[in-house]
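Asks: Below are the structure tokens for one structure; questions will follow.
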Amino acid sequence: MARTVEQLLDEARQRIDRLHPLDAARAVEAGAALIDIRPEAQRRREGAIPGAIVIERNVLEWRLDPASAHRRPELARRDRVIVVICSEGYASTFAAASLRELGLDAVDVIGGFVAWAAAGLPTCPG
């Protein structure tokens, strides 16, 4: 039986931890990697997060899978928390759930970049 995208989103959110922006910032301060999966045009329009690592959604799993030939070794580790952020916290949920399937400790940011900026956390022009 076919499911809706809302059902898929709910299921994905049951499999991951989700952090409020302030908690995500604390996790990054403690050593988590903040991965911004937004496309370039969206980052230009909305702004960026200083220190965030940009890995667009279409290549995320290949860059973070420890078994991938295209991985980024400093990130493709099962001993480091990966905090995924998108614009509003939807695509990041699916991305974090996918990374969990790869055995990574991945979480996402509730409300995404929009909530991060609204919380007064550091941003810069895109």
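Asks: Being under 24 Å from residue 117 (Cα atoms) and out of contact with any helix residue (DSSP H, G or I) (no Cβ under 6 Å at 6 or more places or on another chain) narrows it down to one residue among 63, 80, 3, 18; which is it? Before you say what the answer is, go through the steps one by one.
Replies: Details: 63 fails: under 24 Å from residue 117 (Cα atoms); 80 fails: under 24 Å from residue 117 (Cα atoms); 3 fails: under 24 Å from residue 117 (Cα atoms).
Just one listed residue meets the conditions, 18.
Asks: A follow-up question, please. What's the number of the condition residue 1 fails, among (1) at pLDDT below 95; (2) surrounded by 15 or more Cβ atoms within 10 Å (Cβ to Cβ)?
Replies: Status for residue 1: all satisfied but (2).
Asks: For the condition surrounded by fewer than 17 Cβ atoms within 10 Å (Cβ to Cβ) and either farther than 18 Å from residue 10 by Cα or of a type outside the set (D, E, K, R) (or both), what is the one hit in 76, 97, 117?
Replies: That would be 117, the only listed residue that is surrounded by fewer than 17 Cβ atoms within 10 Å (Cβ to Cβ) and either farther than 18 Å from residue 10 by Cα or of a type outside the set (D, E, K, R) (or both).
Asks: Still on this structure, I have one more. Among what's in the stretch 27-48 and is in contact with an Asp or Glu (Cβ under 8 Å, 6 or more places away or on another chain) and within 10 Å of residue 86 (Cβ to Cβ), pick the residue that is surrounded by the fewest Cβ atoms within 10 Å (Cβ to Cβ).
Replies: So, considering only residues that are in contact with an Asp or Glu (Cβ under 8 Å, 6 or more places away or on another chain) and within 10 Å of residue 86 (Cβ to Cβ), the one surrounded by the fewest Cβ atoms within 10 Å (Cβ to Cβ) is 39.
The values are calculated or read from the model by the stated rules, or taken from the named source; none is laboratory data. Quick caveat: nothing in here was measured; it's all calculated off a predicted structure. Every residue, glycine among them, receives a Cβ derived from its backbone with ideal geometry; neighbour counts consider all protein chains shown.
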